[in-house]
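The values are calculated or read from the model by the stated rules, or taken from the named source; none is laboratory data. Note that the structure is predicted; figures quoted are calculated from it, not measured. Here the Cβ is made from the backbone with ideal geometry for all residues, glycine too, and neighbour counts use every protein chain on show.
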Amino acid sequence: MYRAAIGCVVGVYFLGDAIVIEVEHLTLCYRDRAAVHALTGRFVAGSHTAVVGPNGAGKSTLLAALAGVKQPDEGHIHRHGAIAYLAQLSTLDKQFPLTVRELALAGTWQRRGAWRGLSKADCLRADAALDRVGLSDFIQSPMGNLSGGQLQRARFARLIVEDADVLLLDEPFANVDTETIANLLAVQDDWHRAGKTQITVLHDMSQVRAHYPQTLLLAQSALAWGDTPEVLTPENLQEANRRAQHWRNDATWCQEC
Amino acid sequence: MLIPNIELFNALGEFAFMRRALVGSLALAVGCAPVGVLLLLRRMSLFGDALSHAVLPGAAIGFLLGGLSLPWLAGGGLVAGLLVALAAGFAARKTRLNEDASFAGFYLLALAIGVLIVSKWGSSVDLIHLLFGSVLAIDDPSLLIVSSVASITLIWLALEYRGIVLECADSGFIAATTGNGARFHIGFVIIAVLNFVAAFQAMGTLMAVGLMMLPAATARLWAERLSMLFVAAWIVALASCLFGLMASYQWDLPSGPAIVLVAGGLYCFSLVFAPFGLWAQRRKARRHHAI
């Protein structure tokens, strides 16, 4: 009885209903315009959500705020568990003299911090991650030698090493060749099976339909949020585009908040 | 080469000021070289130049208060340099200005104040001394300051190496992972100002930048790995100090420019003959892997 109760609680925690990120009435401004406006909702543990919407819909801004890089202008974000964030515009200096393995090892920061030493296991984990993304031949080479797609694979390897509970990925497949996309989508499927929560900004609707069970259709606020087939209806997409055409510089100031 | 070498050893045995000059400049090289490498990798190579102008009002006020003694000069320069560097960093983080633009704004302000103070209350001789310094005039307090700064730099590097390297390589990653990359950036700016202030008494404000940036730029032409960059920069900086001082003693040259000229000569040589220099690049362009 007692044991069953614990099992039940643990089961609920692992099987879904535990909330990993919750946003309440979230407003995020870009300059003086609300990029995300009054967004309320939750991401549950193990969910694999695509965030889609027209350009300027606030997708990247939302992800930056969820990662804690950008502060909310209104509302709150509640986070549970370690978060890893792959920004779209990488601040990574490609000419910096690090090897590919060292780049992947940067993912140990959350566990090791600034001072604790790296163990043999950390190095093995980094090498395994690089092998998973198909970069095992480049472990020792300077990251300046990598092409754009290979560099994106290396950044994914760093995410694998980070091993965070929640992964935020901002357009991970922009400017990347199809073989790399297939490889990285497979990595995302691995994470999904491992029970990690993923929130990914995407543009390619066929990718979303094929690989992402949940979708958030964002156009400043959530136009639709739920199971992908129910969100990506022609009517919803049309409404999102209609809203995007009406974003103007002379829009009135928000009176509600 | 052998004769000046022996001359230097004679001079070292004979004159205490030569011993102090050698120890002081070697200590400077130990601290300045890694700072230069990090500045170079952050694309902040001109940070030192801006700083050399920024410390002027502080050093001038220090000079007016305490005369030509290092604690006053260095103290004033340190305060002015830190004020400018941190104010510029703050403005860059909080407004739309880039770091270089906000830096330009503040260092020009400082430079104007410095020139105003010197021309109103000092003399051109003082200004010349501030700008050009003299490693041969290093006294015991100066030596203490220079070697303390070198020690602090090495200890800080040992403690914060991982953070500072990752912050240089990918500032966004560290900001997202630790929530705050400012610790490494501010720490680095403070260390850079400290090294610069230590160097300017010996080398002069203008020449001090040379001991930071020339070894770093030279090292970049020789080494691929980050650790080897530091080692190469140290070797170049130490060699420049040693041979620069020798030349300075042998031919009665001002010490600061002599040291920087040696570093500059090594830089020009490396630009052509180093593994990542012009000549090797040309040869590499013809030979390449098949796949």
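Quick grid of which residues meet (1) more than 14 Å from chain B (Cβ to nearest Cβ); (2) free of Cβ contacts under 8 Å to residues at least 40 places away in the same chain; (3) not in a helix (DSSP H, G or I):
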residue: A:Leu151; (1), (2), (3): no, no, no
residue: A:Phe156; (1), (2), (3): no, no, no
residue: A:Ala182; (1), (2), (3): yes, yes, no
residue: A:Val187; (1), (2), (3): yes, no, no
residue: A:His192; (1), (2), (3): yes, no, no
residue: A:Glu230; (1), (2), (3): yes, yes, no
Among the candidates B:Gly77, B:Gly66, B:Gly81, B:Gly48, single out the residue that is more than 14 Å from chain A (Cβ to nearest Cβ), among the small types (Gly, Ala, Ser) and free of Cβ contacts under 8 Å to residues at least 24 places away in the same chain.
B:Gly66
Suppose we filter B:Phe196, B:Phe184 for residues that are crowded, with 20+ Cβ neighbours inside 10 Å, part of a helix (DSSP H, G or I) and over 12 Å from the mean Cα position of the chain (by Cα); which single one remains?
B:Phe184
On the given criteria, is A:Ala128 of a type in the set (A, V, I, L, M, F, W, C), over 29 Å from B:Leu40 (Cα atoms) and in contact with a Pro (Cβ under 9 Å, 6 or more places away or on another chain)?
no
Being more than 9 Å from chain A (Cβ to nearest Cβ) and not aromatic (Phe, Trp, Tyr) is the filter here; which residues of segment B:146-163 pass it?
B:Val146, B:Ser147, B:Ser148, B:Val149, B:Ala150, B:Ser151, B:Ile152, B:Thr153, B:Leu154, B:Ile155, B:Leu157, B:Ala158
Does segment A:120-138 hold any residues that are farther than 18 Å from B:Leu166 by Cα and either within 14 Å of chain B (Cβ to nearest Cβ) or not in a helix (DSSP H, G or I) (or both), and which are they?
A:Val133, A:Gly134, A:Leu135, A:Asp137, A:Phe138
State the number of residues belonging to segment A:26-61 that are free of Cβ contacts under 8 Å to residues at least 40 places away in the same chain and part of a helix (DSSP H, G or I).
1
Taking A:Gly53 as the residue in question, decide whether it is on the phi > 0 side of the Ramachandran plot, buried (at least 20 other Cβ atoms within 10 Å of the Cβ) and of a type outside the set (Asp, Glu).
yes
If I filter segment A:1-46 down to residues being surrounded by 14 or more Cβ atoms within 10 Å (Cβ to Cβ) and of a type in the set (Gly, Ala, Ser), which single residue comes out as modelled with the lowest pLDDT?
A:Ala34
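Residue-wise test of (1) more than 19 Å from A:Leu66 (Cβ to Cβ); (2) touching a Ser or Thr at 6+ places or on another chain (Cβ under 8 Å); (3) loosely packed, with under 15 Cβ neighbours inside 10 Å; (4) not assigned by TED's automatic domain parsing to the domain that holds A:Gly53.
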{"position": "A:Gln152", "(1), (2), (3), (4)": "yes, yes, no, yes"}
{"position": "A:Ala157", "(1), (2), (3), (4)": "yes, no, no, yes"}
{"position": "A:Pro172", "(1), (2), (3), (4)": "no, yes, no, no"}
{"position": "A:Ala182", "(1), (2), (3), (4)": "yes, no, yes, yes"}
{"position": "A:His192", "(1), (2), (3), (4)": "no, no, no, yes"}
{"position": "A:Met205", "(1), (2), (3), (4)": "yes, no, yes, no"}
{"position": "A:Val208", "(1), (2), (3), (4)": "no, yes, no, no"}
{"position": "A:Tyr212", "(1), (2), (3), (4)": "no, yes, no, no"}
